[in-house]
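One structure is given here, and the rest of the page talks about it.
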Amino acid sequence: MQRILALIVLLIPGIIAGVGIKFMRDMFFGVLHSPIPSLMLQFIIGLIFFLAGLSFIGGFILYRDRKRNKVQEKFQKESSPIGEQNK
């Protein structure tokens, strides 16, 4: 059950990123979708959708790999002692 939920959690941002690519592509071909009033706004919405989906998936993969210690040292989270957080 947990793996199905994890798949769904990754599938939704993937679909959102795909819709973003479709909106940007349709802007270049001059296809305007009905709820959006202009092509430029359609491109901006598509870019936001694409970047949001891509960043969510990238963050998920980075979080998972950090947990398994499979990332380079520069991507590891640096843990600092409690007293040194405000310096």
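The values are calculated or read from the model by the stated rules, or taken from the named source; none is laboratory data. Being a predicted model, the structure only gives us computed values, none of them experimental. Methodologically, a virtual Cβ is constructed for each residue, glycine included, from the backbone with ideal geometry; neighbour enumeration extends over all protein chains shown.
Looking only at the stretch 64-87, filter to residues that are exposed (fewer than 10 other Cβ atoms within 10 Å of the Cβ) and not in a loop (DSSP other than H, G, I, E, B); which one of those is modelled with the highest pLDDT? The selected residue is LYS67.
Among the candidates GLY53, GLY58, GLY20, the residue that is of a type outside the set (Lys, Arg), exposed (fewer than 12 other Cβ atoms within 10 Å of the Cβ), assigned to a helix (DSSP H, G or I) and within 12 Å of the chain's Cα centre (by Cα) is uniquely GLY58.
Pairing residues of the stretch 29-50 that are without any contact (Cβ under 8 Å) to a residue 40 or more places away in the chain and loosely packed, with under 13 Cβ neighbours inside 10 Å with residues that are aliphatic (A, V, I, L, M) and in a loop (DSSP other than H, G, I, E, B), at Cβ distances under 8 Å and at least 6 apart in sequence or on separate chains, gives SER38/LEU32.
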